[in-house]
Structure formats: structure tokens, C-alpha cells
């Protein structure tokens, strides 16, 4: 299947989101993480779409036009994700459907403050012609869901910039050393980098998120380090901002960072200040922890605006 055969001729978007789609099986209400040979019982099981879907769905709920660039197979889990995309009302025109299984499944053992994952990930299908895609579909911004997706298309930020798009990048749970030339080149090519604190520290071989932030801004114009319940720190140029987490009672933290990305990108595209970008991100990320599944509780723009007074 070629890109010309699988995509419509022309569609305008606000944001293109590139990255893997997952079927998330989320176990909550657990007494503990099981040890080898031990069985534990969950209080609840939820099935949700994960991966790049979370950021795309959260952006969609904020009112932006989103193009989701991803692949699905003909297996049961892919069918579940396709159904959830349709239910969300997301534009699925840029998703390629393949006549064979593509297992992209995550089991999440989720606790209020953290979670553990088991993932089955098949090798990706044949790569898209991203130059062709960007020529056919105009957009304002490109978000790369993970370092893995970015390293699959190392020239993608350059192509996006040539087409007039700004580019953001998350780690997506992948954090190879920044000393690896391909990783460093990818990070240096984007406008906004959005790692978690653990990812930022692993990339830079630092112990403290503040030090990782300082080092990363040598490579990227704007860096945002997400610290979960401890809030977020960010730097662009000489401006550094810090913001606490949203005061909510978390149920499931799966996908909170991806929902944060959506809020930040929305405010960035509205030309808001760095602090306001963090506020929108913190609200989207915080609210999504109040229900199982990364996008289940992702807020609408009206809901975000109602929470703005609760953050400094």
C-alpha cells in the first residue's frame, strides 16, 4: 500500500500527530505489583486507546483539527483501537490499515501515583513517504509522539520546517543517551522537547531534573520537563518557569504526559506565554489522571478554562 493509494488528496489540519497507536489494558485497584509466582486481583479493568491517540484525542477535544499519522492491522486489538478512534470523532484519514496483524498492546498496572507496563510491539510496517504526506496535507504544527517514532523518520523535523510547521517531540517512554548521534540530532532538530523528569535525567545522565533541563536547553529552544505530582519546569531562552501539579486526586496516571503535551501545544499555537502553555498542559495532564485511560478524562476547552484560576 503506497501513501498515494491510502491517503486523500488534500486536507488542512492544525496539528499532525505521528506515532504508534496502542490498545491499553489498564488494571486499577491493585493491592501491589505481583511478584513472580504470585497472583493479585484488580478492582477494575478498562480498555482504552493509547499511544499517539491520547495526544490526538486531547487536542481534538480542545477544538483543534488533528491528523493522526499511524498504522493499524486486522487483529482484534487494532479493531478495538479503530472503533475507539471512530467513537472519539477523530479524523482517521491518515491512518493506514494493513491486511495483517500489527500487535501494539500494553498492559498497565496502574496505581494513583505511578504505574508499570508490559508491552507487545510488532515491528513497524513499511515507512510512509513523509515528504509526500506533508506536500498533500497542510498543517501548522507537527507533534512526534516518541523518540522511537522520530528515529524512524530522522529527517521529519527538517521536512516539517521546510513546509512551515513548528515541531514538538516527546520521549514516549524511550530515553537513549543524548550522546548517541542520531538521538542528539533528532532532539536538536525540534522546537519543543517534552520529556518526563526520568526521561530527561536518563538522556543527560543527570540526577536532578533541573540540571537535565539546563543541559537540554543547549540543544532545543524550548524544553519542558514533566515531574508528575511535583509539577513541571520549563525553559525557553533566558526564561525559566515552574508550576505545581493540578490539585486533583489521581486514579490512573497512564497517558498524563501525553495529555499535557496537547494542552501545551494548544496554548503554544494560540501564541500564549510559556507560563500559560504550562498551565494549559498541567490542567489537561492533571484532569486525565482522574479516570482510567489516558484520554478518558481529557478535558474540553471550556473545562480547561474553568480550571485556569486554580493554578498560579
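Throughout, read-outs are computed from the coordinates displayed, never taken from laboratory work. Just so we're clear, the structure is a prediction, and the values are computed from it rather than from any experiment. Please note: Cβ atoms are built from the backbone with ideal geometry, for glycine as well, and neighbour counts cover all protein chains shown.
Using 0.36 nm per residue of separation minus the Cα-Cα distance, give me the extension gain between residue 32 and residue 44 in nm, one decimal.
Between residue 32 and residue 44, full extension yields an extra 2.9 nm.
As an exercise, use a Förster radius of 35 Å and the Cβ-Cβ distance of residue 302 and residue 12 to find the FRET efficiency, rounded to the nearest 0.05.
0.90
Please arrange 27, 193 by counting, for each residue, the other beta carbons lying within 10 Å of its beta carbon, fewest first.
Going from least to most buried by this count: 27, 193.
Report the per residue volume, in Å³, of the convex hull enclosing the C-alpha atoms of segment 50-98.
61 Å³
How far apart, in nm, are the 7 Å Cα→Cβ label points at residue 86 and residue 273?
4.6 nm
I'd like to compare 286-295, 15-24: which one has the highest average count of other Cβ atoms within 10 Å, and what's the full order after that?
Peptide ranking by packing, descending: 15-24, 286-295.
Under the 0.36 nm per residue contour assumption, what length would be gained going from the current alpha-carbon distance of residue 205 and residue 114 to full extension?
Extra length available between residue 205 and residue 114 comes to 30.6 nm.
Just need the Rg to Rh number for segment 160-254, please, alpha carbons only, Kirkwood Rh.
0.98
Taking the Cα centroid of segment 54-107 and of segment 197-218, what is the distance between the two, rounded to the nearest whole Å?
Between the Cα centre of segment 54-107 and that of segment 197-218, the gap is 32 Å.
With n ≥ 4 as the cut-off for DSSP H runs, can you work out [θ] at 222 nm for the chain, using -39500 (n - 2.57) per run divided by the number of residues, rounded to the nearest 500?
Mean residue ellipticity, 222 nm, calculated: -9500 deg cm²/dmol.
So for segment 12-154: antiparallel DSSP bridges make up what percent, rounded to the nearest 5?
Rounded to the nearest five, the antiparallel share is 50 percent.
Apply 1/(1 + (r/R0)^6) to the Cβ-Cβ distance of residue 184 and residue 127, taking R0 = 25 Å, and write down the FRET efficiency to the nearest 0.05.
0.70
For segment 227-242 and segment 249-290, what is the separation of their Cα centres, given in Å?
Using only Cα atoms to place each centre, the spacing works out to 13 Å.
Expressed in nm to one decimal, what extension gain is obtained for the pair residue 230 and residue 76 from 0.36 nm per residue of sequence separation less their Cα-Cα distance?
Full extension from residue 230 to residue 76 adds 51.7 nm.
Considering only DSSP beta bridges whose two residues both sit in the chain, what percent are antiparallel, to the nearest 5?
Percentage antiparallel, nearest 5: 50.
Could you tell me which of rounded, prolate or oblate describes segment 192-231, using a ≥ b ≥ c as the square roots of the eigenvalues of the alpha-carbon gyration tensor, with rounded for a/c under 1.5 and, failing that, prolate when a/b is larger than b/c and oblate otherwise?
Oblate.
Please report the antiparallel percentage of the DSSP beta bridges confined to segment 175-244, to the nearest 5.
So the antiparallel bridges amount to about 75 percent of the total.
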